[in-house]
Structure formats: C-alpha cells, structure tokens
1. Per the Kirkwood treatment, what hydrodynamic radius in Å, one decimal, follows for the stretch 197-326 from the mean inverse distance over all distinct Cα pairs?
2. Please build a GNM for the chain, connecting alpha carbons under 10 Å apart, and tell me which residue among SER189, SER94, SER227 fluctuates the most.
3. At a Cα cut-off below 15 Å, give the aspartates and glutamates reachable from LYS33, other chains included and same-chain residues fewer than 8 away excluded.
4. Which order do ILE95, ILE273, ILE182, ILE9 fall in if you start with the one that has the fewest other Cβ atoms within 10 Å?
5. On average over all directions, what projected area in square nanometres does the chain have, based on the convex hull of its Cα atoms?
6. Of LYS92/LYS209; LYS106/LYS229; LYS62/LYS105; LYS92/LYS283; LYS23/LYS105; LYS62/LYS283, which pairs sit farther than 29 Å apart, going by alpha carbon to alpha carbon?
7. Can you give the FRET efficiency for THR73 and GLN247, using 1/(1 + (r/R0)^6), R0 = 41 Å, r = Cβ-Cβ distance, to the nearest 0.05?
8. Using the Cα centre as the reference, give the magnitude of the dipole from point charges on the C-beta atoms of the chain (Lys, Arg: +1; Asp, Glu: -1; all else neutral), rounded to the nearest 20 debye.
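Only the coordinates and a few stated rules stand behind these numbers; no lab work does. Quantities reported herein were computed from a predicted structural model and do not represent experimental measurements. With ideal geometry, Cβ positions are generated from the backbone for all residues, glycine too; neighbour counts draw on all protein chains shown.
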Amino acid sequence: MAREVLRDIFEGQEDFVVVGEAKNGQEALVLAKEKEPTLITMDLEMPVMDGFQTIQEIMRTKAIPILVVSSVTDAENAYRAISCGAVDAVSKPSILEADQEAFIKKARLVSQIPVIKRIRPVGGMPILSPLLSQTVAAPVAASVSEISEQGGVAICIASSTGGPQALAELFQDLDADVNVPIFIAQHISDGFASGMAHWLDGLTTLEVKVPLDGEQVCANTVYISPSEKNMTLGMDQKICLMDAAPQDIYHPNCNILLESVAEVYGQNCIGVILSGMGSDGTKGLQRVLERGGITIGQDEQSSVVYGMNNIAMQAGAVKRELPLSEIASALRHEIAVRRNHLSGKYDVS
C-alpha cells in the first residue's frame, strides 16, 4: 500500500519516472544495480533484508541518494539509517496535498545530492552498538546558578539537510566535559524530533532531549527544538516553545533560536551552522556577532549540502569556516576562551 501511494505521487510529477519497485531489500539491491536510479525511497521494515542492511550494501557498491520514508513511531530507526548512509528521512506522506508537496520537494532535493560510496557508517560508528549500551558515566546536569558560576557559555546550532549526519559526528567528539547547554534547531519532519533526540542520545555522554515548555536550562544537556514549535530561550534561562508564524518557511526556525540565545548569553554565545538547504540561520548568526559572540560554519567539502552555511558565509555571518572534523575542538577552545574572560584572565578575541 505504501509503495502504491509513493508511486502515484511520483507518477504525477513531470520530472520523475518510476523505474522499479522492490518488495524486499534483496530486490532493491538488484534493481539499484540494473536501473541506476537517481533516487531510492526506502522503508526500513522489509523481508529478506531489512532497510539498514540494504542501505549499507547499496552505499558500499553503488552510491545512490537514499531517502528513508518512515512512520513517526519509527523515527529513531530512521535516523539510525542515516548513519548507514541514507541522505535524509521523512514521514510517510498522507493523502493531503500539502503533505505530498512537501514530500516531493524533499525527494527532488535528495535526488540532486552527490553521494559517495561508504565502507562503514558515518564516523565509523557501529550502527547497532550505541554508546549507551556500553558502561559510561551518566552526564551530570548543572543548575542555572551553577552554569553562571562556571562561565555562562552556550552553544547554538542551526542545521538542515545533512545536519543529522553532522550532529552525529560532532557529538561523538563532544562529551560532558564541555559543561555547557547546547541548543539545536534542525529542520525536520513533524514528529521526528524525539526520534532524532533518542538516536543522538545514544552517541554521546551528553543528555539529548526535546525540552518541555518552561524547562530550566542545564549544562551538559542538548536541547532539540520540535518542528511543530519554534524554540527560544528566555532571559531567565528557561525554554519557551512558541507557535510557528504562518509565514515561517522553515520548521523549526533557526534564526529565532539563534537570536534568543544571543540575547541571553551575549559574547558568551557560540553560534554554529552546519549542512543544509535554504537561507535560515544567517540572520541569527549575524545577531550572535552583533552581541559579541563567535560564529562557526561547516565547510563545503564536509557538507552534504553547502547551502545555508554557504549563504551565511557569503553574508559575513560566519567568522570561522571549518571541516566538520575540526568543529568540536574549536568549540572547546571557544568555551575555554570565554570562561577565562569571565574569570578575568584575558579578553575575548
């Protein structure tokens, strides 16, 4: 039934031709080699060979952009599939025209993204062995007063297509020793934020969560905005989940989050923009700079899509452009600089 719905949607588009349909993962491998499509849409629950194995094998032998089409209840596994090599994940479209238009827009974008063969999952991470299955110390959440005593520094990240992969790699290099709150606005399908949070939570000693409205901010915690709301931060360092404005193009809105964190933390705000399509995040990074903070952008070579980070760079909103592999160490450096400034050791530069 799901395949029939997707086929009908694609056949209604002039720029798509359905060249094959697979009932299971083994058939998908054969068709990928024979038909050489420019896009594969894939469910994860398949007989013979599941979606994870199929994605890994396709990306090992014949690199093709893969868009995972999943239910909201299986969102965490959808993001595990991204670490296998899939480009992005979306919810299964309903019969509503708006849902189908959003699905086709995402499919067009993913089909145009160049991909390369992958020998192993993103960051070399064993896909079925998350960090929390090992023996690790639980993160220690600091209260707002402790945050102030420790330096009052915060990281705010904007990302879109390619963002989940980048976040997975980044958080493998960041742990609870950073001792700051981290705020993320990642463009995502409605209902998928919790699944992504659970997935990322298994890759780091930091706590990763979708916050509640009014929740007090703690250090060593990563707050992911739900797409159904725009996450902002109040001057009392409490999370505020606001209704999206009718004119909002991006869900959630990266600019709104960056601007609010910049207002609260000023020169101690570190703004980061990762891979993504569109222009969201540029205004927010500019506000971070206006308030005396520092901004970092992921470079073209390490980005799945060099879009919103490129626009921010061209606008002068990015002060340091770095490969993804160097961003974690840069964040540690910037945190140390700002904490030393607050303790009177030296000025922020």
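1. About 15.2 Å for the stretch 197-326.
2. SER94
3. GLU21, GLU57
4. ILE95, ILE9, ILE182, ILE273
5. 17.2 nm²
6. Correct reply: LYS92/LYS283; LYS62/LYS283.
7. 0.85
8. Numbers: 27 positive and 44 negative charges, 173 e Å.
Charge dipole of the chain: 840 debye, to the nearest 20.
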